[in-house]
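**Student:** Dumping the structure here so I can ask a few things about it.
The values are calculated or read from the model by the stated rules, or taken from the named source; none is laboratory data. Since we're looking at a predicted model, the values are computed, not measured. Here the Cβ positions follow ideal geometry from the backbone for every residue, glycine too, while neighbour counts run over all protein chains shown.
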Amino acid sequence: MKHPLLSRVKISTKLALSIVVIVVVQALVMQAGTSRLIALTNQQYYSGQMENRLRGVSTYLSETLNDMQVKVNLLAGQKKVVDYTEYRLRNLLYRELVLFKTPLRIDSIAIFLAPDSLFLNVGDVELSNESFKRGLSDVFANERRFFVTRQELLVRLWVFSDIIKDTTVLGTIGVAVDVDRSFVNRLENNTDATVLLSIGDHIIDTWSAPPAVRVEAAQLGPSLVKSGGDRVLRGYMAGAIPLSIIGESDATAICLLDMSSALRLISRHNQLSMVFALLILVAAVLLSYLFYRMTFLTPFTRLRKAVRRISEGDFQYAIVQHSFDELGEFAGAFEQMRRSLIRRDEELSELERFNNLILENVRSGVVTVDRSERVISCNPAAIAIIGLRSGENGSRNTDGRMPGFETLPDSLATEVRAGLHQDRYVTAKEIRVGVDSKQVILSLTTSPLFARDGGNMGVIMIVVDITRERRLEEQLERSSRMAAMGEMAAGVAHQIRNPIAIMKVSAGMIQSGKDRSGYEEKNGQLTDVIVNEIDNLDHVVSNLLNFTRPIEVHRQERAVREVIDDALRLVPLYQYPDSRVDVRVHDQGVYFPLDKSLLEQVIANLVQNGLDAMPAGGTVFVRAFLRDTELWIEVEDAGTGIDEETAKQIFMPFFTTKNRGTGLGLSIVHRLVEQHGGTIDVHSRKDAGTLFRVVIRND
Amino acid sequence: MRLNVVRNRLLPLWGILFSGFSLFFLAGTAAMTASAENLRMLYMAQAGYQPQSIQERAKEFTHDTGVPVDLTFAEYEDQYNLIAEAAAGKIPPFDVILVDLIWTADFARHHIIDPVPQPLVDRVKSGIIPEIYSAFEYRDRMWAYPFLANFQLFYSNSDLLHKAGFDRPPSTLEELVHMAELAKARGVADYPIFESWRKQEVLICDFVWLVGAFGGSLDAPHGRINVESTAARRALDFMVMLLKKGLVNPYSLQSDELFSADAFLWGDALFTTNWTFILGRMNEVPFNSTHFEASLIPVAEAEKKTASSTSTVSGFQGLSVMSNSRHKDLAWRFASYLSSPEFSRRHLEEMSVWKQVWNEAWTSERDPYLSIKRAELKGVHNRPAEPDYRSISAALQDWIYQALTGKVTSAVALAGAQREIDRVAAMPSE
């Protein structure tokens, strides 16, 4: 479980908490969303207002500039201004211009006859001010008609116009407006906003905004201009435009809109909304609880009780479906499940009984042992076969009524432990154990006992008493061996009897022919016959000794082709001039572990047999190839073939179809192949040839 | 249809015209009724005693005599025509008129005004100096009761004067030029002198005192007016020289006395000559913070016989009674009531014409320039007392102005003026 704590909480509690959380989250989200929406709408509204205000500031500045230009043009065109300038009536002009100052809302008027020649100064022109000198020089150079001067805390906007009489420029008249608090005040009255003018190091405003806001807004001015947006500062929305309209590149006009009233309203709305949301939340929680209690908790408690009863085995506790909602469907499903469980219980009981019956009646002993080497179960057959001592009620229970593991015979216990601890299992392994002072032969099969989840629970041991079968087989084998020995004795007797008979006859003839002429010659011939037959007897005895001698196999990696070639050298091929041997090794370089000398005998024997089977000549095919881990060697001839009955006896010692031969060749071949751990088969049809197939495993 | 429309549109106009005529008739009737009982006076609005003072005096007259006085104030420039028009009617709109001395001969010869009754002439001659009352005499008779002793003085801006390095005003014309040149050179003023040389009567006034300053005179009561005299030539040359040297502001050629006074009082000139009304303005705000000084008009060095040698031009005005007035006695009575020592004593901002007022200690206390004024009056020059003076003046103005503007030389100008004057004089009198 990833969340143990959470897993301990009841579903009903989780559900209730979920409902509460959902309601709370929804309320919070709604509240936050509404608040955010109102805040955004408010900000958007103020942004729109800010845009208007900034446009208003720009318009006002533009109009101020135009207005000043109109005024200065008006003054420049005044006859008195022209005449008095021309005739240097400085003081009279002063009197006139002073009268114009107030109605025209001009703070300063100055007339210059040349850049360095001040004629009249109505106000206090900052002649020593470098920015003024520079601006005035530009005016006289006709490069611009207005500029801003800064001197300490005084910022002025100057607008100029030439004083012209006829076509002569008498000088230039400039009017100035102090960009001061009253200027900003007029600006504010026109734009209905709090305005700060940030010109160089100066901040000009009416102090209507809090100092912190003013300072912060002034600092933000350039960035606001750059971004073209607005920002909320301590309850004020700030926006800015550059004052390039009056020729000031490093100056900004910053508008501040007091959002405090709107923010207070929003705050009050939020508080009220929070209260309502809280009330709604409480009501929602109560309603949710009632709803939860009615629609979930009560039916769920009822269902839980029923499920608990059923889980305790009380399948007769019926679940009543009170509603048709999900829980009702759930209860109905549980009821169906209960009924299915009843049926399944009955079926399981029946199956158990049947299984028990099988186990009780099966003749194989079935014993299960857990990993703690405790016998979990054992059937009566096991008890009977192994002689276990079970509990009173047989082998079903796994408690103390089961026989102890220590009562198993040691050999069985060893095999079981090998399965438990080494994962080594056996199949049909014969074990001889002593049971009740009797020797019993058991066929033992062990296999792992896996749980449904794949876990290894222990070992299943199946024992079958094969004592009787083995006794019968041994008896049969002894009979077969005796029969074989009889046949072999008969064969040996046959092999021996004929030479002996020949020798007897020859000896009798020698004995009877002493007096006859030509005895010496005849005697020599007969003696040769006897010697020859003795050689035959020696050959028979040698073969018999060879056949009976134990064979030791020494397998080494050998080239198959080389083995076959060396084997063919043992065959007296010169005796079969009309025949030939065709060798085909599929992989010339194949190596295989084998005893070279033994396998050479096998191949040579089979080839010579094939050559013998083709009196009229032909080809003996020798084929060798690998198949999986086995070496297949086939020797095929196109001889007379053998019938089925002959084929069954062909590997019996002393069985031969030849006029000459000991009848031990193929028996020896068979024995050599068996000693190699291989098999040899023969496939033959009459008059169609014979195929010997030797298969040697790579053990 | 169209006629109806026109009629409908004209109907309101007819109504307005009818109403207007009705009101005019009623007003005219009322005026005739009033003029039959009230004394009426035409007075100058812009100079001399203030209209309020005149009104107060008229009320006093009414209080003393029971005769109401209707006062009409008009601009100086309109006065001549108003009087001429009034003379044409059987019932003049005015009984008493303020007469400039230059109109005296004209009005007398054209019987527009009556001569001053002998008792009043005697009073004048006993209480007023001849320099004043002689201005109103024509053909041995006095035609106006002296009222305003107006003449020109020389004014200096002491602050600028000190700035230029001087501690007193010039006493001669040569000194004036010297000081003006220095002041100009020292940057005290672009044009140190400002005069009233507009092509109007004021130009003749300045020419008259300048001619006097150079020892001549244009006043020829019974002889030929000679403007080609040496004094006249030197006077005009002097004026042209001042302009050429840039010592007098060229704007003087467009200025009358009022503007000239403003230019001086506002500090745009160190020197000016003007009427006595400037003395009153010097004490007004904002000029009272500036130090001004009134002095005798300088004369040419050659004419500086004594320390008090000076030359000025008179601008005297007197009170006359229209010939066609039906209340002549009452009119003379009001004229003498108005131009009385008692009245002038109360309004010392204007120099009284009465000697007795001059001698009163109160007057000396109130008028620090009284002695200057009295000294200046010694050198007063009147403009020619000729019936055709207006034509003579116009011709002289034209020629002098041409000389000042450089169109003709002084000699040519004065010769031209002389020809015009002679032509006017040769014209048969009406």
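**Student:** Within the set of pairs 6+ apart or on separate chains, which have a first residue in the stretch A:164-184 that is in the same structural domain as A:VAL139 (by TED's automatic domain parsing), a second that is of a type in the set (Lys, Arg) and not in a strand (DSSP E or B), and C-beta atoms under 7 Å apart?
**Tutor:** Hits for this filter: A:VAL175/A:LYS71.
**Student:** With the condition being touching a residue at least 60 places away in the same chain (Cβ under 8 Å) and buried (at least 21 other Cβ atoms within 10 Å of the Cβ), I'd like the strands (runs of 3 or more DSSP E) fully within the stretch A:200-249 carrying at least 2 qualifying residues.
**Tutor:** Details: elements: A:202-204, A:230-233, A:236-242.
Correct list: A:236-242.
**Student:** Go through the stretch A:16-44 residue by residue and tally those that are farther than 30 Å from A:LEU6 by Cα and free of Cβ contacts under 8 Å to residues at least 60 places away in the same chain. Break it down stepwise before answering.
**Tutor:** Step one: list which residues in the stretch A:16-44 are farther than 30 Å from A:LEU6 by Cα, which gives A:33-44.
Subsequent filtering for residues that are free of Cβ contacts under 8 Å to residues at least 60 places away in the same chain retains A:33, A:36-37, A:40-41, A:44.
Qualifying residue count for the region: 6.
**Student:** Just one of the numbered conditions (1) surrounded by 18 or more Cβ atoms within 10 Å (Cβ to Cβ); (2) within 14 Å of chain A (Cβ to nearest Cβ); (3) over 24 Å from B:ILE421 (Cβ atoms); (4) in contact (Cβ under 8 Å) with a residue 12 or more places away in the chain is not true of B:LEU253; which one?
**Tutor:** (3)
**Student:** Working only within the stretch B:171-199, note down all residues that are in contact with a Gly (Cβ under 8 Å, 6 or more places away or on another chain), in a loop (DSSP other than H, G, I, E, B) and either more than 14 Å from chain A (Cβ to nearest Cβ) or β-branched (Val, Ile, Thr) (or both).
**Tutor:** Scanning the stretch B:171-199 gives a single hit, B:ARG186.
**Student:** Going through B:ARG234, B:ARG224 one at a time, which residue ends up being more than 14 Å from every other protein chain (Cβ to nearest Cβ), closer than 30 Å to B:LEU279 by Cα and touching a residue at least 60 places away in the same chain (Cβ under 8 Å)? I'd like the intermediate steps shown before the answer.
**Tutor:** Working: B:ARG224 fails: closer than 30 Å to B:LEU279 by Cα.
Exactly one residue qualifies, and that residue is B:ARG234.
**Student:** Still on this model: Just one of the numbered conditions (1) within 13 Å of chain A (Cβ to nearest Cβ); (2) part of a helix (DSSP H, G or I) is not true of B:GLY267; which one?
**Tutor:** (2)
**Student:** Here's another thing I want to ask about it. Can you find, within the stretch B:97-136, the residue that is surrounded by the most Cβ atoms within 10 Å (Cβ to Cβ) among those that are assigned to a helix (DSSP H, G or I) and β-branched (Val, Ile, Thr)?
**Tutor:** To start, the set of residues in the stretch B:97-136 that are assigned to a helix (DSSP H, G or I) comprises B:101-109, B:118-127, B:130-136.
Add one more test, that the residue is β-branched (Val, Ile, Thr), and what stays is B:102, B:104, B:121, B:124, B:132.
Values: B:ILE102: 25, B:THR104: 28, B:VAL121: 17, B:VAL124: 23, B:ILE132: 26.
Applying the filter and picking the extreme gives B:THR104.
**Student:** OK, next. For the stretch B:123-142, indicate whether the set of residues that are at positive phi and not polar (S, T, N, Q) is non-empty.
**Tutor:** Residues of the stretch B:123-142 at positive phi: B:139-140.
Checking the rest, the ones that are also not polar (S, T, N, Q) come to B:139-140.
Checking the stretch B:123-142: at least one residue is at positive phi and not polar (S, T, N, Q).
**Student:** Now a separate question. If a residue has to be under 23 Å from A:LEU89 (Cβ atoms) and either not assigned by TED's automatic domain parsing to the domain that holds A:ASN73 or not β-branched (Val, Ile, Thr) (or both) to count, how many in the stretch A:119-157 make the cut?
**Tutor:** 8
One line per residue, one yes/no per condition, for (1) in a helix (DSSP H, G or I); (2) closer than 30 Å to B:VAL211 by Cβ; (3) free of Cβ contacts under 8 Å to residues at least 40 places away in the same chain:
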{"site": "B:ALA307", "(1), (2), (3)": "no, yes, no"}
{"site": "B:LEU330", "(1), (2), (3)": "yes, no, no"}
{"site": "B:PHE334", "(1), (2), (3)": "yes, no, no"}
{"site": "B:GLU342", "(1), (2), (3)": "yes, no, yes"}
{"site": "B:GLU349", "(1), (2), (3)": "no, yes, no"}
{"site": "B:TRP362", "(1), (2), (3)": "yes, no, yes"}
{"site": "B:LEU377", "(1), (2), (3)": "yes, yes, no"}
{"site": "B:ARG383", "(1), (2), (3)": "no, yes, no"}
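Rundown of residues vs (1) surrounded by 15 or more Cβ atoms within 10 Å (Cβ to Cβ); (2) under 46 Å from the mean Cα position of the chain (by Cα); (3) modelled with pLDDT of 85 or more; (4) not in a loop (DSSP other than H, G, I, E, B), yes/no style:
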site	(1), (2), (3), (4)
A:ARG401	no, no, no, no
A:HIS421	no, yes, yes, yes
A:TYR425	yes, yes, yes, no
A:GLN439	no, no, no, yes
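**Student:** Any chance the stretch A:480-497 includes a residue that's closer than 30 Å to A:LYS429 by Cβ, surrounded by 12 or more Cβ atoms within 10 Å (Cβ to Cβ) and among the hydroxyl-bearing types (Ser, Thr, Tyr)?
**Tutor:** Checking the stretch A:480-497: not a single residue is closer than 30 Å to A:LYS429 by Cβ, surrounded by 12 or more Cβ atoms within 10 Å (Cβ to Cβ) and among the hydroxyl-bearing types (Ser, Thr, Tyr).
**Student:** Looking at (1) part of a loop (DSSP other than H, G, I, E, B); (2) in contact with a helix residue (DSSP H, G or I) (Cβ under 6 Å, 6 or more places away or on another chain), can you tell me which one A:ILE680 breaks?
**Tutor:** Single failed check for A:ILE680: (1).
**Student:** Would you be able to say whether some residue in the stretch B:138-156 is more than 26 Å from B:ASN38 (Cβ to Cβ) and assigned to a helix (DSSP H, G or I)? Steps first, answer last, please.
**Tutor:** Filtering the stretch B:138-156 down to residues more than 26 Å from B:ASN38 (Cβ to Cβ) leaves B:138-142, B:149-156.
Among the residues that remain, those that are also assigned to a helix (DSSP H, G or I) are: none.
Checked against the condition, which is being more than 26 Å from B:ASN38 (Cβ to Cβ) and assigned to a helix (DSSP H, G or I), the stretch B:138-156 yields no hits at all.
**Student:** Residues that are at pLDDT below 80, assigned to a helix (DSSP H, G or I) and among the aliphatic types (A, V, I, L, M): does the stretch A:379-399 have at least one? Spell out the reasoning first.
**Tutor:** Step one: of the stretch A:379-399, the residues at pLDDT below 80 are A:387-399.
Adding the requirement that they be assigned to a helix (DSSP H, G or I) leaves none.
The answer is no, given that none of the residues of the stretch A:379-399 is at pLDDT below 80, assigned to a helix (DSSP H, G or I) and among the aliphatic types (A, V, I, L, M).
**Student:** Further, regarding this structure: Could you go through the stretch A:115-124 and let me know if any residue there is surrounded by 15 or more Cβ atoms within 10 Å (Cβ to Cβ) and of a type in the set (Asp, Glu).
**Tutor:** No; the residues of the stretch A:115-124 include none that is surrounded by 15 or more Cβ atoms within 10 Å (Cβ to Cβ) and of a type in the set (Asp, Glu).
**Student:** Is it the case, given these coordinates, that B:LEU243 is within 14 Å of another protein chain (Cβ to nearest Cβ), modelled with pLDDT of 95 or more and assigned to a helix (DSSP H, G or I)? It would help to see each step written out before you state the result.
**Tutor:** On the way: within 14 Å of another protein chain (Cβ to nearest Cβ): yes; modelled with pLDDT of 95 or more: yes; assigned to a helix (DSSP H, G or I): yes.
Criteria met by B:LEU243.
**Student:** Continuing with this model, one more query. Within the stretch B:420-429, is there a residue that is at pLDDT 95 or above and more than 18 Å from the chain's Cα centre (by Cα)? Walk me through it before giving the result.
**Tutor:** Restricting attention to the stretch B:420-429, the residues satisfying the condition of being at pLDDT 95 or above are none.
Checked the stretch B:420-429: no residue is at pLDDT 95 or above and more than 18 Å from the chain's Cα centre (by Cα).
**Student:** Right, something else. Taking the stretch B:270-309 as the region of interest, how many residues are more than 14 Å from every other protein chain (Cβ to nearest Cβ) and among the aromatic types (Phe, Trp, Tyr)?
**Tutor:** Final tally of qualifying residues: 3.
**Student:** Could you list all residues from the stretch B:34-53 that are over 18 Å from the mean Cα position of the chain (by Cα) and either over 16 Å from B:VAL96 (Cβ atoms) or hydrophobic (A, V, I, L, M, F, W, C) (or both)?
**Tutor:** Answer for the stretch B:34-53, where residues must be over 18 Å from the mean Cα position of the chain (by Cα) and either over 16 Å from B:VAL96 (Cβ atoms) or hydrophobic (A, V, I, L, M, F, W, C) (or both): B:ALA34, B:ALA36, B:LEU39, B:MET41, B:GLN52.
**Student:** Can you tell me which of B:PHE73, B:PHE94, B:PHE147 is touching a Phe, Trp or Tyr at 6+ places or on another chain (Cβ under 9 Å) and surrounded by 17 or more Cβ atoms within 10 Å (Cβ to Cβ)?
**Tutor:** Numbers: B:PHE73 fails: surrounded by 17 or more Cβ atoms within 10 Å (Cβ to Cβ); B:PHE94 fails: touching a Phe, Trp or Tyr at 6+ places or on another chain (Cβ under 9 Å).
After applying the criteria, what remains is B:PHE147.
**Student:** Would you say B:ASP159 is outside any loop (DSSP other than H, G, I, E, B), over 18 Å from B:SER309 (Cβ atoms) and among the acidic types (Asp, Glu)? Give the derivation first.
**Tutor:** Details: outside any loop (DSSP other than H, G, I, E, B): yes; over 18 Å from B:SER309 (Cβ atoms): yes; among the acidic types (Asp, Glu): yes.
Criteria met by B:ASP159.
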